[in-house]
Each structure stands twice: as structure tokens, then as C-alpha cells.
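Notes for the one structure printed next.
The values are calculated or read from the model by the stated rules, or taken from the named source; none is laboratory data. Bear in mind the structure is a predicted one, so any value in this text is a computation, not a measurement. Cβ placement follows ideal geometry from the backbone for every residue including glycine, while neighbour counts extend to all protein chains displayed. Calculation scope for accessible area: heavy atoms of the full protein, side chains included, ligands and nucleic acids excluded. Shrake-Rupley method; radii C 1.70, N 1.55, O 1.52, S 1.80 Å.
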Amino acid sequence: MRLINSIFVFVFCLLMVLFSVENTQIVTIQIVEGVQFEAPLAIELFIAMGLGAFLAWLFGIWTRLLQWLPAQKNARKIRKQEARIQELEQNIEQFQAELQHQHQLPPSAEPLTSQAYLTDKVSAS
């Protein structure tokens, strides 16, 4: 892949050099009334191309920023919800522990299991 990229860059640069050699005529560009400059056509086209590439890059950053802001807001909301869920789960565990503690029977009032019942029957006989 690196070789393909290098070949692509080399071919692009070669085409740019050939374009520059073929377009050396001087042209005048008027930015606004009273502001103008003269330069070879190739240089002016390269400047225009560079400005276009810069603006495309700037637009890409702006677009990513506009996508990133709502994603951050959603991530913050999810973190808050997860923290609330954890808090509620801890509350449930505490309430369950309290309920188990309140409903425990005293040791003498515990119901006999089948093994304890048989042991008591045998010892009573």
C-alpha cells in the first residue's frame, strides 16, 4: 500500500511540473476593484487549488466538530444514567438485606427440616 501511495504522489507531482511548464503565460487576476496582481497561470491555479484544499479541510473539521458535540452530549447523558442505575441497584440490595433481616425467625421458632424431624422422632422413641 505504501508503494502505491508513493507512486500516486510521484505521478501527481510529475503532472504538476508538466502543467507548470506548459502554462507560463502571465495573467492578471483582479480580487476586488483596484486590487489585482500578475503571475504565471500555473502559479495562480496552484494557489487557487491550495486555497480550495484548505477550505475543504476546514469544512471537514467543522463537520466533525458538529458531529462530535451531540455525541459528547449523549455520552455524558449515558454516563449519568449508568451512575443512577448503579445507585438504584445498591439501594435495592440494601432494601433486600433489610427485608431479610426483618423477616428472620428466632432460632427456636425455625421450622424443622425433614432430617431434623426424623432425628427428633428417633431420639424420642
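Pairs only if they're at least six apart or on different chains, beta carbon under 9 angstrom, first in the range 9-21 and closer than 16 Å to M49 by Cα and of a type in the set (S, T, N, Q), second assigned to a helix (DSSP H, G or I) and open to solvent by 80 Å² or more (accessible area, probe 1.4 Å); list them, first residue then second.
So the pair list comes out as S20/I43.
Going through the range 13-37 one residue at a time, which ones are assigned to a helix (DSSP H, G or I) and either of a type in the set (G, A, S) or loosely packed, with under 10 Cβ neighbours inside 10 Å (or both)?
Of everything in the range 13-37, those that are assigned to a helix (DSSP H, G or I) and either of a type in the set (G, A, S) or loosely packed, with under 10 Cβ neighbours inside 10 Å (or both) turn out to be S20, V21.
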